[in-house]
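Asker: What follows is a single structure, and I will ask about it in a moment.
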Ligand SMILES: NC(=O)c1ccc[n+]([C@@H]2O[C@H](COP(=O)([O-])OP(=O)(O)OC[C@H]3O[C@@H](n4cnc5c(N)ncnc54)[C@H](O)[C@@H]3O)[C@@H](O)[C@H]2O)c1
């Protein structure tokens, strides 16, 4: 008898769901997308048209969760993640959720502990971990390429790319600006390569320098300048429990020549390396060595790889490859950046 396919439901059927998650699930032969929920009917209909299968449509995800589903893929604005994850776990479904898993440490702890109690897979789709340079560099670092990492310089800086959609520019939906949108990506990837030392002190700033005015035209279209209420720039200095430090810079708008600089640099006692360019520097005796690591080009798109990894964790009952205990460290730093701006001082993390 043929085995029943795994049944997947989507919550949120906007840009990232269609462009990156659907191809990821469709690459898996034992999976079918059977249901979608979106508060916007047009988005859900567009999704069904694009996927082509027999898909049930809901405007309220709680109704969809009554179906017999194996897993739920959550692609809503950030602030909807926690209620949607909670409801999905309570309904006994495994959960893949777009980044950030949630925008506060309190929420992450709540959903993480629930997933653990229920024995369900919970994974935040930090797809940059599955980019070819990320996997190759992590492997190289674990083989001793850097030695002890004492400092990281992390950048997620855009010149004029501010996502104009409501889910990004209103705090009530996004929980924050570039910190929660792109800072979270670079920070997660850098900390992952550093094996997640625990952050203990954070000094940060978060500002709205340009988004309220019109001095920098957005390359992704205009936005609601009046209603915009998140930062468009943030920077931070972080201390970790192992003595290492990290600087973070993230922005949607700013005067820089690069269209986008999504990168980090790790400084170790034996060598240094840049991500994603994979350039390295070291010294052997009195000779300086440097070059570019050769990255194998065997991977699929990073989102597809991430979805395949989630599928394996869920079906083989393996631990999540983006455990909530790691996501909570990333959000602890970003939360502290906002707190530091508000209180005008360094924040000590418990
Ligand atoms: N990994 C990446 O590279 C990447 C890129 C873009 C966005 N994202 C993340 O993906 C998520 C969605 O972003 P997007 O760009 O697809 O946004 P989007 O605005 O295109 O889509 C969000 C969808 O969620 C729907 N929605 C809102 N509230 C809902 C609710 N209560 N129930 C059901 N549906 C609801 C909206 O109607 C919309 O269709 C965000 O968390 C964002 O941070 C990740």
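Asker: Of all residues being more than 13 Å from the ligand (Cβ to nearest atom) and in a loop (DSSP other than H, G, I, E, B) in region 36-54, which is modelled with the highest pLDDT? Just the residue, please.
Answerer: Top of the filtered list is 54.
Asker: Kindly indicate whether residue 112 is out of contact with any helix residue (DSSP H, G or I) (no Cβ under 9 Å at 6 or more places or on another chain) and either crowded, with 24+ Cβ neighbours inside 10 Å or in the same structural domain as residue 21 (by TED's automatic domain parsing) (or both). Lay out the reasoning, then the answer.
Answerer: Numbers: out of contact with any helix residue (DSSP H, G or I) (no Cβ under 9 Å at 6 or more places or on another chain): no; either crowded, with 24+ Cβ neighbours inside 10 Å or in the same structural domain as residue 21 (by TED's automatic domain parsing) (or both): yes.
Criteria not met by residue 112.
Asker: For the list (1) crowded, with 20+ Cβ neighbours inside 10 Å; (2) in a loop (DSSP other than H, G, I, E, B), I need the number of the one condition that residue 120 fails.
Answerer: (1)
Asker: Could you tell me whether residue 22 is buried (at least 19 other Cβ atoms within 10 Å of the Cβ), assigned to a helix (DSSP H, G or I) and more than 11 Å from the ligand (Cβ to nearest atom)?
Answerer: Values: buried (at least 19 other Cβ atoms within 10 Å of the Cβ): yes; assigned to a helix (DSSP H, G or I): yes; more than 11 Å from the ligand (Cβ to nearest atom): yes.
Yes: the conditions hold for residue 22.
Asker: A further question on this structure: Having 1 or more residues that are touching a strand residue (DSSP E or B) at 6+ places or on another chain (Cβ under 7 Å) and closer than 10 Å to residue 9 by Cβ is the bar; report the strands (runs of 3 or more DSSP E) wholly within region 55-107 that clear it.
Answerer: 56-58, 71-74
Asker: Take residue 102 and decide whether it is modelled with pLDDT of 95 or more, outside the structural domain of residue 265 (by TED's automatic domain parsing) and within 11 Å of the ligand (Cβ to nearest atom).
Answerer: Spelling it out, residue 102 is indeed modelled with pLDDT of 95 or more, outside the structural domain of residue 265 (by TED's automatic domain parsing) and within 11 Å of the ligand (Cβ to nearest atom).
Asker: Continuing with this model, one more query. Looking for something assigned to a helix (DSSP H, G or I), in contact with a strand residue (DSSP E or B) (Cβ under 6 Å, 6 or more places away or on another chain) and surrounded by 18 or more Cβ atoms within 10 Å (Cβ to Cβ) - is there at least one such residue anywhere in region 276-293?
Answerer: Taking region 276-293 first, the residues assigned to a helix (DSSP H, G or I) are none.
No, because not a single residue in region 276-293 is assigned to a helix (DSSP H, G or I), in contact with a strand residue (DSSP E or B) (Cβ under 6 Å, 6 or more places away or on another chain) and surrounded by 18 or more Cβ atoms within 10 Å (Cβ to Cβ).
Asker: Of the conditions (1) closer than 28 Å to residue 170 by Cα; (2) without any contact (Cβ under 8 Å) to a residue 12 or more places away in the chain, residue 49 fails just one. Which one is it?
Answerer: In the conditions (1) closer than 28 Å to residue 170 by Cα; (2) without any contact (Cβ under 8 Å) to a residue 12 or more places away in the chain, residue 49 misses (1) alone.
Asker: Take residue 71 and tell me if it is near the ligand (Cβ under 9 Å from one of its atoms), within 21 Å of residue 124 (Cα to Cα) and within 21 Å of the chain's Cα centre (by Cα).
Answerer: no
Asker: Do we have any residue at all in region 259-267 that's in the same structural domain as residue 235 (by TED's automatic domain parsing), more than 30 Å from residue 81 (Cα to Cα) and surrounded by fewer than 16 Cβ atoms within 10 Å (Cβ to Cβ)?
Answerer: no
Asker: Could you grab me the full set of residues in region 306-323 that are buried (at least 19 other Cβ atoms within 10 Å of the Cβ) and within 16 Å of the ligand (Cβ to nearest atom)?
Answerer: Of everything in region 306-323, those that are buried (at least 19 other Cβ atoms within 10 Å of the Cβ) and within 16 Å of the ligand (Cβ to nearest atom) turn out to be 306, 307, 309, 310, 322.
The values are calculated or read from the model by the stated rules, or taken from the named source; none is laboratory data. Note that the coordinates shown come from a computational prediction; the quantities given were computed from them, not determined experimentally. Cβ sites come from the backbone with ideal geometry, for glycine too, and all protein chains shown count toward neighbours.
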